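Following: one structure in structure tokens, then a few remarks.
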Amino acid sequence: MLSRTKENSRRQRGASAWVALATGFVAISFLVACGASVPEPTKTDLARAYVQWPDMAPRDLATGRSLYVGRCGSCHRLERPSSCAPEVWPRKIDAMSKRAGLTQAEQELITRYVMTIADRTAPDRDEAPP
């Protein structure tokens, strides 16, 4: 009888481990999928950003992207930066930053990232229909 109880306990621990492993895999897959739809900044993006923010460090756009994916994406589905005009993003980020617990520096990095990426497609978005 005792050995049967030990075997059941061992099975339960094994099942719990598999559930934890599967849950972790799903969570990581979700974060990777969300991040994959958010463009990485390019050298062209960085050059465009330097015009607006000459004090930028070379890694600022990449850091802004990481914060956008990690902090913003942990609460809600991420919007593509190109879904809004660049000038709309500061208000949106400002409205959510307190709830997200962002520092002023983090808010600025995220804002610079999304504005720069949104600006990639500005001519396409502003074109008048044919």
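Remarks
- Restricting the calculation to Cα atoms, the range 39-122 yields a radius of gyration followed by a Dmax of 11.6, 32 Å.
- Here the simple spin-label model places points 7 Å from the Cα toward Cβ, and for residue 59 and residue 5 these points are separated by 5.5 nm.
- Rg [Å, one decimal], Dmax [Å, integer] - the range 49-96, C-alpha atoms: 11.7, 32
- For the range 89-104, Karplus couplings with θ = phi - 60° (6.51, -1.76, 1.60), whole Hz, Gly/Pro x: 4, x, 5, 5, 5, 4, 5, 9, 5, 5, 4, 7, x, 7, 6, 4
- The modelled label-to-label distance for the pair residue 95/residue 66, using points 7 Å beyond Cα in the direction of Cβ, is 2.9 nm.
FYI, it's all coordinate maths here, none of it is from the lab. On a predicted model such as this, the values are computed, not experimentally measured, just so you know. Every residue, glycine as well, gets a Cβ built from its backbone with ideal geometry; the counts of neighbours run over all protein chains shown.
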